[in-house]
Each structure stands twice: as structure tokens, then as C-alpha cells.
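What follows is a single structure, written as C-alpha cells, with notes after it.
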Amino acid sequence: MRILHTLDTPIPTKRERAQYLLENSDTITMVENGYADLEKQRLLLQAHEEKHFMSSEVVRDIIIGVSDGLTVPFALAAGLSGADVSSSIILVAGMAEVAAGAISMGLGGYLAAKSEADHYKRELKREQEEIISVPDIEAAECGEILAQYGVEPHEYEPVVNALRRNHQHWLDFMMKFELGLEKPDPMRALRSAVTIALSYVMGGVVPLLPYMIIPIAGKAVLASVGVTIVALFIFGLAKGYFTGCQPFKSAIQTALIGAIASAAAYSLAKVFKAA
């Protein structure tokens, strides 16, 4: 077995040490109660850098806020334009809708996140009581969960016993693998409310911008359509990129939904005015 490092050789990097341990895993002997295996595992974890997107909740809130913000005021402005009202009236109505929509959407996000946190607390308390009152049944459920992953009884029995010695780890295991619940962030509800509300405002201002500049509603609506469709397309691209979908497909779908909503609102306004 070759020596990993001597005084005459440069100190290897973490990745080189991990590669060495992999190549010589059959010849490295267990020393100091498994220190070699633990060292190999530690080096492998350090050498391997995983790139996962970890802000899915924030992105979800932004998507909810911006998509509704772009679509609802856009449809409202288009509908009022179809009723042949002035740009100033459309602008006032649109800004009022943006304010009300941001508050409503933010409150909805807050209540949804708060409900998830309350649900987690209830299930945590119930699971904690079951671990204390019926530990054998909970241990059997642990084994059943591990068996679903192909672990044999003689293999998962030491794992179950180790969990039983630490009630907190046991509780965390059951919450995650039996109930599929992750511990929520204490600030999640407030962060969700603020993110959705601000995203709604950012999206809602876009279709109203032409009405701030062009006094004639008939001309402003055409500019609003163009600006909003472009904004929806760009938003769709970003949404597809962050969610792992095909960006161009997502952009087309998002823009198409906004166009249909505005066309429907404009047509209905024309129909009701004619009636």
C-alpha cells in the first residue's frame, strides 16, 4: 500500500485524499475502533459538493404573488378599458385592487403557513405521547418504515434500538419518515406573507404603468397588453428555470394564461356595455 503523504511530498487536497481512500478501501484496516472508515466517510462528504436549490418555499411564494399580480390587475384594467372609461379611473381602480390584493394574498400566505405550523405541533405532541405510552408499537413502526427501503430485520434492529435510546432522535425520525412532516421555520408565516404581498405589488404595477403615461384608455390598453405579455413571458422563463421545468414552455404557458384572462375580461366588459 502506497503512503499517502511524506515529508518530501506536498500535502494532498481533500479530494485527493478521498480518491486515495476509495482506491485503497480494501487494504485499509480498521484502527482505533473504526477510525479509518469514519475518516473515509468524512473525506468523501467533504470532497463531494452537491448543488441543490434550497429556497423552494420562497420561490413558491414569489411565483404565487407575481403570477396573480400580473394577471388580476391586468384583467381588471383590460375589462375597464373595454367599458370605455378614462385612464385615470382605470389607474385608481387598478391601484386599489393591487393594494387589496396584496393584503389578501399576504394574509392568505400567513394563514396557510401558520396552519402548517399548528398542524406540525399537534402531530408532534401526539407522536411524543405515543413514544412514551406505546414504545413497542412505535418501535415496530420504525422497523416497518426501514423494511420499506429494503432493510432486513437483522439489519434494522440495531438502528431501532439506537433510536429508542434517544427519544428526541426517535421523535424526529417518526415525524419525518412516518408522517412526512418537516419542522417548520418559526418565521415562515411572516416571511411568506411579506414575500407574497411584495411580489403581488411588483407584478400588479406592471400592467398599470401605461395608464400612468397614456391618458387615452384605448391606447393605454394596447401598451398594457404588450408590456404585460412581455413581463409574463420573462416571468415564465424565470419560473421554469427555478422550478426545473422547460423555461420556454413555461414562458409560453404563463403568457398565454395572462392573454386569455385579459381577453376574457375585455370581451365581457364589451358584452355588458352593449347590453
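The values are calculated or read from the model by the stated rules, or taken from the named source; none is laboratory data. Being a predicted model, the structure only gives us computed values, none of them experimental. Cβ sites come from the backbone with ideal geometry, for glycine too, and all protein chains shown count toward neighbours. In case anyone asks, the SASA skips ligands and DNA or RNA and just uses the protein heavy atoms, side chains included. Shrake-Rupley method; radii C 1.70, N 1.55, O 1.52, S 1.80 Å.
Give me the percent of the accessible area of segment 110-211 that comes from carbon and sulfur atoms, probe 1.4 Å, all protein chains in place. Working shown, then result.
Values: 3630 of 6230 Å².
Exposed carbon and sulfur together represent 58 percent of the surface.
With a point put 7 Å past each Cα toward its Cβ, work out how far ILE132 is from SER56 in nm, to one decimal.
My value for the distance between the label points is 3.3 nm.
Using the Kirkwood radius over C-alpha pairs as Rh, can you work out the diffusion coefficient of segment 79-121 via Stokes-Einstein at 10 °C, viscosity 1.306 mPa s, in µm² per second? Don't skip to the answer; put the middle values down first.
Numbers: Rh = 12.5 Å.
Here the translational diffusion coefficient equals 127 µm²/s.
With a bin width of 5 angstrom, please list the P(r) values of segment 63-167 as percents of all Cα-Cα pairs, from the 0 bin to the one holding the largest distance.
2, 10, 13, 10, 9, 7, 6, 6, 7, 7, 6, 6, 5, 4, 2, 0
Calculate the all-directions average of the projected area of segment 144-256's alpha-carbon convex hull, and give it in nm². Intermediate values should be presented prior to the final figure.
Numbers: hull surface 45.3 nm².
Its Cα hull, projected and averaged over all orientations, spans 11.3 nm².
Which of the peptides 87-100, 67-80, 223-236 is most tightly packed, and how do the rest follow, going by the mean number of other Cβ atoms within 10 Å of each residue? Working shown, then result.
Details: 87-100: 17.4, 67-80: 24.6, 223-236: 19.9.
Peptide ranking by packing, descending: 67-80, 223-236, 87-100.
May I ask you to order 202-212, 56-66 by the average number of other C-beta atoms within 10 Å around their residues, highest value first? Walk me through the intermediate numbers first.
On the way: 202-212: 22.4, 56-66: 19.1.
Packing order, densest peptide first, comes out as 202-212, 56-66.
Please give the contour-minus-distance gain from SER86 to GLU144: 0.36 nm per residue of separation, less the Cα-Cα distance, rounded to one decimal in nm. Working shown, then result.
Details: separation 58, 0.36 × 58 = 20.88 nm, distance 6.74 nm.
Here the answer is 14.1 nm.
Past 23 Å, Cα to Cα: identify those pairs from LYS125/LYS176; LYS183/LYS249; LYS176/LYS249, in the order given.
Values: LYS125/LYS176 14 Å; LYS183/LYS249 34 Å; LYS176/LYS249 34 Å.
Over 23 Å Cα-Cα: LYS183/LYS249; LYS176/LYS249.
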